[in-house]
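Engineer: The structure that follows is given in the form of structure tokens.
The values are calculated or read from the model by the stated rules, or taken from the named source; none is laboratory data. If you're wondering where the values come from, they're calculated on a predicted model, not measured in any experiment. Here Cβ is always computed from backbone atoms with ideal geometry, including for glycine, and neighbour counts include all displayed protein chains.
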Amino acid sequence: MEQVINGKMTKKLLQKTLKYYLFFSVIVMLLAAPLFYFISQFLYIDDADEELLILKKEFVTFSTPELNQTDIAVWNKWNRDLKIEKNNVQINKDTLFYQSYYNHLSKENEPYRVLNAPIAIQGKPYVFTAKINLVEKEDLIISIVLLFAFLVFILLTGLFIITKKISEKLWRPFYDTLQRIEEFEIDKNLNTKFDPCLIEEFNRLNHSINNLIERNILIYKSQREFIENAAHELQTPTAIFKGKLENILQRDDLNIEQFKLIDDLNNTTSRLVKLNKNLLILSKIESNSYTVNEKVNLKNIIENQLSFFKEQALSKKISITTELSDKIVVNSNHILAEMLISNLFLNTINHNQLNGQIFVKLTNHSITFANTGTLLPLQTEKMFERFSKSNPTSQGNGLGLSIIKKIVDTNHWNINYHYTNRMHTFEIVL
Amino acid sequence: MKILIIEDEIEIATNIKNYLSSNDLICESANSLKTAIEKIDLYSYDCILLDLMLTDGDGFKVLELLKKQNKTEGVIIISAKDTLETKIEGLTLGADDYLTKPFHLSELLVRIQALVRRKQFNGNNVISFNEIEIDTTSKTVKIKGNKIEFTKKEMDLLLFLIGNKYKVLSKSAIAEHLSGDMADMLDNHDFVYAHIKNMKKKLKEMGAADYLKSVYGTGYKWEDD
């Protein structure tokens, strides 16, 4: 069902919402994880620096006054992380930096935060060095970041699933409505009442669609009734007209021109009557006047009509070939089935050529009427429309194929047209 | 023969009257249910032509009345309604035939003749025109006493032509009569030629005079000159 609009594939509403959620989640994850890592790291280093400075302050406050220069070697021997060295590099302020030291126990380089601070012992300048191992804290940070990432992931997945579920539930009335509209056909009296739901907007939508459908059905009905009434009312004036023509024909004082004129009028009246009848038939099919379905033997119907149409075909020297399977019984209204076959026959004769051919085939699953003809292949999309004539000079009224299509639709059959081997072929799939 | 035309459309009644009157039929017309009932009470007719939609009521009431009074008039419904239901209802209520408007007057005439034959002679009737004799029961045609082999269509055609004797018939009227229910499916009336040609040939072979005249090339008239 996917379509392409402006070069983009249309997607389902839910897919589209979820796509944006997913996109946002990934961005948050990608940004949040490193940010959290750097902030934690910064906080920890800050903490370590503070600790080192406190160590130095404690040392300067409590240890320096009692420390002799001779004690420095001993001090250094018993302190691993605190050292006192000669100020060879002329350090004159506190310096904090990273440095790696080789750990003999774990046999690897480990990161340390180091403080070099100038101090004076007995008036001599010395450098106080304090260091803090960062390994444990680093592990902690990584664990925290991982945990955090995991939490974010769980949160987003949960959100995603909940949104999906809720959206599906929220949008269900919308999809119900959509399905109803898709199934709606104006000429079928289906129930178009929508179930009320708890969402105001959808109720409004359903209400508006209901109004729209009701209005359309009303217009359609009045239009259909108008056609039916118009066709019906036309019968009386045509009857009067026809009767008058027949009476004029009886006059003794008619000359040949007058007689020919009346004869032409007679033929035109016949066309008018036929047109009117066809309009009435179409209206009646649409208003479901032919609803009684029965078992219909198609072979019998075709054979019953064959002699009549063979006679009709004779004037154009058209030959009719049939290939009819026995016992093809279908469910249809009998009158409609007869009308279908007679209109198919008429169509194949009307649009045929001199010395043409008609081929009729009936099988288990299809009725096929094929005929030769002077016309080029027909335009399939327009051919079933009312009054669409492929041959403007034809005496037909352009309703035959509409009637055929209506009957096929009413019986839930399908009709296909194709032009092969110079034969116009109509196939009705039962 | 007396005919009652029950029809509220005066123009249609006049058309029918004009066409039928010249064929030794006497026509009266009633343009409302009220006058129709009065006339049926007072007189008896050979055939009643009945329109269903009358200004002051349903034409079916006439059928009910005839049944109640045990009258035997033949009734032909002439109506613009052509649903199967209306036809069945009319025929079950006692109508003998049903003709949908618009129809050919020539068709109406032969239907009246057939109905009267059925009613009055129980169908045992021989129609004759000079040396031609048609027995409608045994469906045989004889010329000067000799049987002639006619197809069903040719016999039908002959009955139609003799029934409308001295009338000019258009090819379309003949075609529609011969086609019966399929008349609406006619696209071309040329097939009438073939039937007329065959019928004329058979009649001529048996020594009948040529009564069927062509009128200006497109019409026909059965007459004895």
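Engineer: Which pairs have Cβ atoms under 9 Å, sit 6 or more apart or on different chains, and link a residue in the stretch A:325-336 that is within 14 Å of another protein chain (Cβ to nearest Cβ) to one that is basic (Lys, Arg) and not in a loop (DSSP other than H, G, I, E, B)?
Structural biologist: From the stretch A:325-336, the pairs are A:336/A:406.
Engineer: Only one of these is outside the structural domain of residue B:22 (by TED's automatic domain parsing), over 25 Å from residue A:244 (Cα atoms) and in contact (Cβ under 8 Å) with a residue 24 or more places away in the chain: B:132, B:162. Name it.
Structural biologist: Working: B:162 fails: over 25 Å from residue A:244 (Cα atoms).
Step by step, each of B:132, B:162 is checked, and only B:132 is outside the structural domain of residue B:22 (by TED's automatic domain parsing), over 25 Å from residue A:244 (Cα atoms) and in contact (Cβ under 8 Å) with a residue 24 or more places away in the chain.
Engineer: Output the number of residues of the stretch A:211-245 satisfying the condition of being under 20 Å from residue B:105 (Cβ atoms) and either of a type in the set (A, V, I, L, M, F, W, C) or touching a residue at least 12 places away in the same chain (Cβ under 8 Å) (or both). Let's see the steps before the verdict.
Structural biologist: Pass one, the stretch A:211-245, residues under 20 Å from residue B:105 (Cβ atoms): A:234-245.
Now narrow it down to the ones that are either of a type in the set (A, V, I, L, M, F, W, C) or touching a residue at least 12 places away in the same chain (Cβ under 8 Å) (or both): A:234-235, A:238-242, A:245.
Summing the residues that are under 20 Å from residue B:105 (Cβ atoms) and either of a type in the set (A, V, I, L, M, F, W, C) or touching a residue at least 12 places away in the same chain (Cβ under 8 Å) (or both) in the stretch A:211-245 gives 8.
Engineer: I would also like to ask the following. Could you check, for the stretch A:47-69, whether at least one of its residues is among the acidic types (Asp, Glu), in the same structural domain as residue A:131 (by TED's automatic domain parsing) and modelled with pLDDT under 85?
Structural biologist: So the first thing to find is which residues in the stretch A:47-69 are among the acidic types (Asp, Glu), and the list is A:47, A:49-51, A:58, A:66.
Still in the running and in the same structural domain as residue A:131 (by TED's automatic domain parsing): A:47, A:49-51, A:58, A:66.
Pick out the ones that are also modelled with pLDDT under 85 and you get A:66.
The answer is yes; a qualifying residue exists.
Engineer: Can you tell me which residue in the stretch B:11-52 is nearest to the other protein chains (Cβ to nearest Cβ), limited to those that are of a type in the set (A, V, I, L, M) and loosely packed, with under 14 Cβ neighbours inside 10 Å?
Structural biologist: B:26
Engineer: Among residues belonging to the stretch A:271-309 that are crowded, with 17+ Cβ neighbours inside 10 Å and of a type in the set (Val, Ile, Thr), point out the one that is nearest to residue A:406 (Cα to Cα).
Structural biologist: Ranking the candidates gives A:285 first.
Engineer: Considering only residues that are under 16 Å from residue A:416 (Cα atoms) and either away from every other protein chain (no Cβ under 14 Å) or free of Cβ contacts under 8 Å to residues at least 12 places away in the same chain (or both), which ones fall in the stretch A:337-358?
Structural biologist: Correct list: empty.
Quick grid of which residues meet (1) touching a strand residue (DSSP E or B) at 6+ places or on another chain (Cβ under 9 Å); (2) more than 30 Å from residue A:283 (Cα to Cα):
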site: A:109; (1), (2): yes, yes
site: A:124; (1), (2): yes, yes
site: A:130; (1), (2): yes, yes
site: A:179; (1), (2): no, no
site: A:200; (1), (2): no, yes
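Engineer: Considering only the stretch A:234-241, I want to know if a residue exists there that is modelled with pLDDT under 90 and either more than 8 Å from chain B (Cβ to nearest Cβ) or exposed (fewer than 14 other Cβ atoms within 10 Å of the Cβ) (or both).
Structural biologist: yes
Engineer: Which helices (runs of 4 or more DSSP H) does the stretch A:298-404 wholly contain that include 2 or more residues that are basic (Lys, Arg)?
Structural biologist: Details: elements: A:298-314, A:334-350, A:380-383.
Result: A:298-314.
Engineer: Quick one: is residue A:371 closer than 15 Å to residue A:422 by Cα, in contact with a His (Cβ under 6 Å, 6 or more places away or on another chain) and within 14 Å of chain B (Cβ to nearest Cβ)?
Structural biologist: Numbers: closer than 15 Å to residue A:422 by Cα: yes; in contact with a His (Cβ under 6 Å, 6 or more places away or on another chain): yes; within 14 Å of chain B (Cβ to nearest Cβ): yes.
It is true that residue A:371 is closer than 15 Å to residue A:422 by Cα, in contact with a His (Cβ under 6 Å, 6 or more places away or on another chain) and within 14 Å of chain B (Cβ to nearest Cβ).
Engineer: Then there's this: Would you mind listing the strands (runs of 3 or more DSSP E) fully within the stretch A:46-144 where at least 1 residues are under 60 Å from the mean Cα position of the chain (by Cα)? If you could, list the steps in order and put the result at the bottom.
Structural biologist: On the way: elements: A:82-86, A:95-103, A:108-121, A:124-133.
Of the strands (runs of 3 or more DSSP E) lying wholly inside the stretch A:46-144, those with at least 1 residues that are under 60 Å from the mean Cα position of the chain (by Cα) span A:108-121.
Engineer: A further question on this structure: What number of residues within the stretch A:261-290 satisfy the criterion of being outside any helix (DSSP H, G or I) and within 12 Å of another protein chain (Cβ to nearest Cβ)? Explain how you work it out, then say what you get.
Structural biologist: Here is the first cut: in the stretch A:261-290, the ones outside any helix (DSSP H, G or I) are A:287-290.
Narrowing the set further to residues that are within 12 Å of another protein chain (Cβ to nearest Cβ) leaves A:287, A:289-290.
The qualifying residues number 3.
Engineer: Ok, one more. Please verify whether residue A:270 is touching an Asp or Glu at 6+ places or on another chain (Cβ under 6 Å) and either farther than 19 Å from residue A:411 by Cα or not assigned by TED's automatic domain parsing to the domain that holds residue A:372 (or both), treating the condition exactly as stated. Don't jump to the end; show me each part of the working.
Structural biologist: Details: touching an Asp or Glu at 6+ places or on another chain (Cβ under 6 Å): no; either farther than 19 Å from residue A:411 by Cα or not assigned by TED's automatic domain parsing to the domain that holds residue A:372 (or both): yes.
Judged against the criteria, residue A:270 is not a match.
Engineer: Here is a further query. Quick one: in the stretch B:202-225, of everything that is of a type in the set (Asp, Glu) and assigned to a loop (DSSP other than H, G, I, E, B), which residue is farthest from the other protein chains (Cβ to nearest Cβ)?
Structural biologist: Here the residue is B:210.
Engineer: Sticking with this one: Only one of (1) buried (at least 16 other Cβ atoms within 10 Å of the Cβ); (2) within 33 Å of the chain's Cα centre (by Cα); (3) not aliphatic (A, V, I, L, M); (4) not in a helix (DSSP H, G or I) is not met by residue A:250, so which one is it?
Structural biologist: (2)
Engineer: Residues that are within 14 Å of residue A:118 (Cβ to Cβ) and of a type outside the set (S, T, N, Q): does the stretch A:72-83 have at least one? Reasoning before the result, please.
Structural biologist: Taking the stretch A:72-83 and keeping what is within 14 Å of residue A:118 (Cβ to Cβ), we get A:83.
If we keep only those that are of a type outside the set (S, T, N, Q) as well, we get A:83.
Yes; the residues of the stretch A:72-83 include at least one that is within 14 Å of residue A:118 (Cβ to Cβ) and of a type outside the set (S, T, N, Q).
Engineer: Sticking with this structure for a sec: Please verify whether residue B:89 is acidic (Asp, Glu) and either touching a Cys at 6+ places or on another chain (Cβ under 9 Å) or within 14 Å of another protein chain (Cβ to nearest Cβ) (or both), treating the condition exactly as stated. Write out each step before concluding.
Structural biologist: Values: acidic (Asp, Glu): yes; either touching a Cys at 6+ places or on another chain (Cβ under 9 Å) or within 14 Å of another protein chain (Cβ to nearest Cβ) (or both): no.
It is false that residue B:89 is acidic (Asp, Glu) and either touching a Cys at 6+ places or on another chain (Cβ under 9 Å) or within 14 Å of another protein chain (Cβ to nearest Cβ) (or both).
Engineer: Turning to a different aspect of this structure: Would you check if there is a residue in the stretch B:63-75 being closer than 27 Å to residue A:280 by Cβ, surrounded by 15 or more Cβ atoms within 10 Å (Cβ to Cβ) and within 14 Å of chain A (Cβ to nearest Cβ)?
Structural biologist: Restricting attention to the stretch B:63-75, the residues satisfying the condition of being closer than 27 Å to residue A:280 by Cβ are B:63, B:75.
In the following step, the residues that additionally are surrounded by 15 or more Cβ atoms within 10 Å (Cβ to Cβ) were identified as B:63, B:75.
Filter again for within 14 Å of chain A (Cβ to nearest Cβ), leaving none.
No - not one qualifying residue is present in the stretch B:63-75.
Engineer: With B:68, B:152, B:144 as the choices, which residue is in contact (Cβ under 8 Å) with a residue 24 or more places away in the chain and basic (Lys, Arg)?
Structural biologist: Answer to the selection: B:144.
Engineer: Related question: Take the stretch B:194-215 and flag every residue that is under 25 Å from residue B:103 (Cβ atoms), of a type outside the set (S, T, N, Q) and loosely packed, with under 13 Cβ neighbours inside 10 Å.
Structural biologist: B:213
Engineer: Can I ask one more? Show the residue pairs meeting these rules: Cβ distance below 6 Å; 6+ apart or different chains; first residue within the stretch B:195-214 and closer than 24 Å to residue A:311 by Cα; second residue surrounded by fewer than 15 Cβ atoms within 10 Å (Cβ to Cβ).
Structural biologist: none
Engineer: Looking at the stretch B:1-21, which of its residues are under 21 Å from residue B:169 (Cβ atoms) and not hydrophobic (A, V, I, L, M, F, W, C)?
Structural biologist: B:14, B:15, B:17, B:18, B:19, B:21
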